[in-house]
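The values are calculated or read from the model by the stated rules, or taken from the named source; none is laboratory data. This one's a predicted model, so the numbers in the text were calculated from it and none came from an experiment. For neighbour counting, all protein chains shown are included, and Cβ atoms are generated from backbone atoms with ideal geometry for every residue, glycine included.
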Amino acid sequence: PEAGESRLLAGLNPQQRAAVVHGGGPLLVIAGAGSGKTRVLTHRIAHLVETGRAQPGEILAITFTNKAAKEMRERLSALLGPVANRMWISTFHSACVRILRAEHEALAMRSTFTIYDSADSLRLMNQVCREEAIDSRVSTPKGLLRRISDLKNELIDPEDFARSINDEADVTVAAAYRGYQNRLRAANALDFDDIIMTTVGLLQSHPAILEHYQRRFRHILVDEYQDTNHAQYVLIRELTGRGESMGELTVVGDADQSIYAFRGATIRNIESFEDDYPNAESILLEQNYRSTQNILSAANAVIANNPNRRAKRLWTDSGAGDKVVGYVADSEHDEARFLVEELQALSGKRRWSDIAVFYRTNAQSRALEEMLIRAGIPYKVIGGTRFYERKEIKDALAYLQVVANPDDTVAMRRIFNTPRRGLGAKAEDAVAFHAQRHGMSFGAALDDVGSAESPRGQVNGLTPRAEKAIIDFRTILHVAREKAESGSAPADVLDSLMAGSGYTEELRRSDDPQDEARVENLAELHAVAADFKKMNPDATLGDFLEHVALVSDTDQLPDGDVADEGDVTLMTVHTAKGLEFPVVFVTGFEDGTFPHMRSLADPVELAEERRLAYVALTRARENLYITRASVRSQWGAPQELPASRFLDEIPEGLVDWRRAHSSADVLRRSSSTRYSKPSFDGARTGGSVKPGRLDSGSGRLDGGSAKKAAAEALSPEDREKLAAAEAAKA
Ligand code: ATP
Ligand code: MG
C-alpha cells in the first residue's frame, strides 16, 4: 500500500495533498477553475481505498453529469483496478433512482416507475390544465411547471404549499401542483425534481432505511457543490448523518462557477458549509493547472467585476501562452465563417476532438452547424434538440415505456393513435372517461374494451371499428410485454413494437425525405439498445429506459458521447461545466446574447451570466477564441447587438483582435445616419424592435435605417464595396 499511496500523492501540491489525506471531520475544498478540485476528489477516493480506510462499497461520489461520473470511474479503475466498480459514482439523479428502485415498496410504488422528462411533464401539465379548467393563457403550463419545479427543489409538497398560500394566483398554482402530482402518481411516474424530493422524503420518513444508507455510505464526496439546490443539500445532510456515527463528507466547489440558480442552486450551500458542519475544515487551492496565464488573466478580469465575491488569487506557472484571439463578425453567418476558417487553419495541428465551440443558447448552434456541414468538418452537438427529443425517438420510447409500465398514461396516450389507426379524440375520450369513472389508468382501461368478463363492464361510446383497432393495439403491446418479461433484449422488444404497430412501415412508405431520416434514427435507437445490452448483459427493459431517461435530460451529457475521436464538440456553456479542451471558441459575446437578454436589467442574473462567462473562458487550456456578431437573428429578425460587456472587461493587452469592428460600425462612422440601439424592453415583450427589424422577403425596413437593411441583405463582399463607396462619398 505504501508505494500505492505515494503514487497517489506524487505530483500534488501541498494543499491538494492535505485534502487527499484529510481524515475525520467534514472537508470543504474551495478553489477557482482548473485548480484540481475534481482531481483531488478522485485521488482522495483512491487514497481512502488504498490505505484501507474505506471499502469501495462505502463510497458515494456525486458528480454533476453522467459524463463526469464516467470519467471519474475510468480514472479510478486506472488507479485501483476493478474494485472501482463497487463504488457508487453517479449524478444526484442516478444515485436517487437507484435508491428509489431498491426501496420502492416503502413508497408504495412499483419498481418499474417511469421518469418523465420535461416534454413528458409538459404534456401532463397540459392535460391538468384542460381537466382542471385552468386558464392556460393566464397561467401557462410552462410557467406552472417552473413554479412546481422551484417548490420541489425547496422540498415543498402540494399540501405544504396549499397551506402557505396567500395570494389569488397561488391558488391556481396549488391546484395545478396537486393535480399534476396526483396524475404522476397514478401513472407510476416521477418527474426529474421528484427524484430528489421523493428520496429525501423516503429517508426522512423511514428511519430504518435512512440508517441503512448512513451505515453503507461512510464516505460521501460531492463535486461542483456550488450547484447543489436545497433538496440536494438536505439529501447529503441526511445521508451523512450526525453525531457519533456521522460519515465523512468531502465537498469541493467554486462559488464563481455557480450557474444553476435557475434550477434552484444556491451558493449559500457552499458559503455556509462551515456553519452547517461546525467541525469542518476548509482548504483553498490556488494554483491553476489547466490554462495559460493569458487565458487565466482574461477569465479573472471578467469575474472580478462581480460584487460580493471572495477574491481569489489564482495563478499558473504554465507561461503566458498565446493571446486570446478576438473577432467581430457582421452576422452570425460571418461568425460561423470565421470559425470554419480558423478550424481549417488548425487542422493538422490539432485533432478535431481537441476543439470545442460554446454558445449561450442552443438556438445559436444552427448557423454554426450549417457552416461546418458545408466545410465538411465533423462535429457533434451536445444538448439541444437532440436525438432523444426527436419525435420518432420519443414515440418509440413511449411504446417501450407502456410495455414496461402499462399505467404510464402520458406515454399510452401519445401512441394511442400513432401511427394512425383510426382512433380519434372521441375514442380517446371514451377510454379516458371509463378510466376516470373506475379510478384506473388509461392503459388499464384499454383492457376492458370489448371484454365481456370485465366486472366494470364494457367501455361505452366506442364504434365497432374503434373497438377492433384498440384490441389490435392491445395485442401488439401484450406480445411485446411477454417478450420483455421472458427476458428478450430491449432491442428485440423495440423491433417487435415498431414492426407490429406498422410504425416503421408508415415511415418507409412516406415520400417525405424527413421520414427517411426518421427511419435511420430508429435504427440508431435499436443500436443504442443493443449496445446497452452488450455492456449490461443482465439488463432489463426497465434498466434501458432508466438509462435513456437519465441521459436524455437536456442538461446532462450522454454517456461517452462527448469527445469521441475526431469530432469538434459544440455545446452550451452550461453543459461545458467541469470539462476542458486544448482549444475553445466562445461565440456570441453580445449584450443580449451573452449576457442573456433577460439578465440585462437584473444585477443578480447578470452576476450569474458573468459566472457563466467565467466557466466558458476557463475551459480552455492553450488557445481561446472569443467572437461576437454585430447583427444576429433573434425572434426571427436581425437585431443589432452591442458588444458584450464581458468583452469590455477583458484587458485589451490580452486580446489579439483579428477584426475589431464590424462593417456596420464602419458604415455607421462614414455616414450621417444615426443608428439607435434596439430597445431591449421592446424585444423582451415581443414588440417591434427598430431599426434592426427587417421586413423579410422584400428586404424593406419597417423603421428608420434602409442603409443598414441593405447592408444586411448584401453578401459580405458587396457590403465591403458599399462601405468603401460610402467612405469615398464622405
Ligand atoms: P473545474 O473548476 O473546471 O471543475 P477543477 O478544479 O476540478 O476544475 P481539475 O479538472 O481537477 O480542476 O484539474 C484541471 C486540470 O489540471 C486537469 O487536467 C488536471 O489533470 C490538472 N491538474 C490538477 N492538479 C494537478 C497537479 N498537481 N499536477 C498536474 N496537473 C494537475
Ligand atoms: Mg472539476
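Starting from region 98-127, keep only residues that are modelled with pLDDT of 90 or more, then list their pairs with residues that are part of a loop (DSSP other than H, G, I, E, B) and surrounded by fewer than 19 Cβ atoms within 10 Å (Cβ to Cβ) whose Cβ atoms are within a distance under 7 Å, requiring at least 6 positions of separation or different chains.
Short answer, once both residue conditions are applied: Arg101/Ser111; His104/Arg110; His104/Ser111; Ala106/His206.
Looking at Gln226, is it under 25 Å from the mean Cα position of the chain (by Cα), within 16 Å of ligand 2 (Cβ to nearest atom), touching a residue at least 40 places away in the same chain (Cβ under 8 Å) and in a helix (DSSP H, G or I)?
Values: under 25 Å from the mean Cα position of the chain (by Cα): yes; within 16 Å of ligand 2 (Cβ to nearest atom): yes; touching a residue at least 40 places away in the same chain (Cβ under 8 Å): yes; in a helix (DSSP H, G or I): yes.
Yes; evaluated as a whole, the condition is true for this residue.
In region 21-37, how many residues are surrounded by fewer than 22 Cβ atoms within 10 Å (Cβ to Cβ) and assigned to a helix (DSSP H, G or I)?
Selection size over region 21-37: 1.
When the residues of region 555-591 are filtered to those that are modelled with pLDDT of 90 or more and assigned to a helix (DSSP H, G or I), which remaining residue is nearest to ligand 1 (Cβ to nearest atom)?
This residue is Ala576.
For region 450-468, name all the residues that are modelled with pLDDT of 90 or more and of a type in the set (A, V, I, L, M). Write out each step before concluding.
Just the residues of region 450-468 that are modelled with pLDDT of 90 or more, to begin with: 459-468.
Listed by number, the residues that qualify are Val459, Leu462, Ala466.
Can you pull out the residues in region 535-549 that are charged (D, E, K, R) and outside any loop (DSSP other than H, G, I, E, B)? Break it down into steps so the answer makes sense when it comes.
Filtering region 535-549 for residues charged (D, E, K, R) gives 538, 543, 546.
Matches in region 535-549: Asp543, Glu546.
More than 27 Å from Asp395 (Cβ to Cβ) and free of Cβ contacts under 8 Å to residues at least 12 places away in the same chain: is that true of Asp157 in this structure? Steps first, answer last, please.
Working: more than 27 Å from Asp395 (Cβ to Cβ): yes; free of Cβ contacts under 8 Å to residues at least 12 places away in the same chain: no.
For Asp157, the condition - more than 27 Å from Asp395 (Cβ to Cβ) and free of Cβ contacts under 8 Å to residues at least 12 places away in the same chain - is not met.
Among the candidates Thr140, Thr199, Thr172, which residue alone is out of contact with any Pro (no Cβ under 7 Å at 6 or more places or on another chain), surrounded by 21 or more Cβ atoms within 10 Å (Cβ to Cβ) and farther than 18 Å from Phe442 by Cα? Before you say what the answer is, go through the steps one by one.
Values: Thr140 fails: surrounded by 21 or more Cβ atoms within 10 Å (Cβ to Cβ); Thr172 fails: surrounded by 21 or more Cβ atoms within 10 Å (Cβ to Cβ).
Testing whether each residue is out of contact with any Pro (no Cβ under 7 Å at 6 or more places or on another chain), surrounded by 21 or more Cβ atoms within 10 Å (Cβ to Cβ) and farther than 18 Å from Phe442 by Cα leaves just Thr199.
Is it the case that Ser6 is within 16 Å of ligand 1 (Cβ to nearest atom), over 30 Å from Ala616 (Cα atoms) and not in a strand (DSSP E or B)? Full working, then the answer.
Numbers: within 16 Å of ligand 1 (Cβ to nearest atom): yes; over 30 Å from Ala616 (Cα atoms): yes; not in a strand (DSSP E or B): yes.
It is true that Ser6 is within 16 Å of ligand 1 (Cβ to nearest atom), over 30 Å from Ala616 (Cα atoms) and not in a strand (DSSP E or B).
One residue is enough: does region 73-89 have a residue meeting the conditions surrounded by 21 or more Cβ atoms within 10 Å (Cβ to Cβ), more than 16 Å from ligand 2 (Cβ to nearest atom) and part of a helix (DSSP H, G or I)?
yes
Tally the residues that are in contact with a helix residue (DSSP H, G or I) (Cβ under 7 Å, 6 or more places away or on another chain) and either near ligand 1 (Cβ under 10 Å from one of its atoms) or without any contact (Cβ under 8 Å) to a residue 60 or more places away in the chain (or both), restricting the search to region 9-29. Show your work before the answer.
First, pick out the residues of region 9-29 that are in contact with a helix residue (DSSP H, G or I) (Cβ under 7 Å, 6 or more places away or on another chain): 9, 12, 16-17, 19-21, 27-29.
Among the residues that remain, those that are also either near ligand 1 (Cβ under 10 Å from one of its atoms) or without any contact (Cβ under 8 Å) to a residue 60 or more places away in the chain (or both) are: 9, 12, 16-17, 20-21, 29.
Of the residues in that region, 7 qualify.
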